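Each remark here refers to the structure printed beneath this line.
The values are calculated or read from the model by the stated rules, or taken from the named source; none is laboratory data. These numbers were taken from a predicted model, which means no experiment stands behind them. Glycine gets a Cβ as well: all are built from the backbone with ideal geometry, and neighbour counts include every protein chain shown.
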């Protein structure tokens, strides 16, 4: 003699079993979806630090700078410079969980480099400078060849004392 469950299975009429299987598959689908969401959140990298390697961030010149991004894992996070995507400039660094890239196209003045919610202000100066000394001095023209010294040999009976010479503060451009 068959049990009631075996009879239902033989007839294909086990209603409580099919409802249970349906509930199980629904619960399994929800569980897999929840796991995927949690796993995807843990895979995205959190950016810990952005720093310049080639120079200080406030002393960049020439329109490019070498940058290192430190993350909590090796996943690639988008990087933008003044709103433009520069992610392709970065590759895995030699230190674990870092990416290094040569960022080009800096405008003269302040630039904003950002990734994963972390921002770095980079100040770019013209390649010709100045960076720390202020504006360039305007050169003057040397007119030494046009200056004539008076003849003092006849009017001076004793030698004149010599004063210490001060260095010139400007560059002399003689023709």
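Observations on the structure shown:
- The listed residue being at pLDDT 70 or above, in a loop (DSSP other than H, G, I, E, B), within 30 Å of residue 54 (Cα to Cα) and within 19 Å of the chain's Cα centre (by Cα), out of 106, 102: 106
- The one condition in (1) surrounded by 10 or more Cβ atoms within 10 Å (Cβ to Cβ); (2) at pLDDT 75 or above; (3) under 30 Å from residue 55 (Cβ atoms) that residue 170 fails to fulfil: (2)
- Cβ pairs under 8 Å, 6+ apart, first in segment 85-108 and on the phi > 0 side of the Ramachandran plot, second surrounded by fewer than 13 Cβ atoms within 10 Å (Cβ to Cβ) and outside any loop (DSSP other than H, G, I, E, B): 105/84
- Of all positions in segment 125-138, at least one carries a residue that is farther than 22 Å from residue 60 by Cα and modelled with pLDDT under 90.
Residues are listed down the side, and each one gets a yes or a no for (1) surrounded by fewer than 13 Cβ atoms within 10 Å (Cβ to Cβ); (2) at pLDDT below 95; (3) closer than 29 Å to residue 130 by Cα:
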site	(1), (2), (3)
3	yes, yes, no
39	yes, yes, no
43	yes, yes, no
59	no, yes, yes
65	no, no, yes
76	no, yes, no
81	no, no, yes
91	yes, yes, no
96	yes, yes, no
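- Residues considered: 75, 96. Of these, the only one that is touching a helix residue (DSSP H, G or I) at 6+ places or on another chain (Cβ under 7 Å) and assigned to a loop (DSSP other than H, G, I, E, B) is 75.
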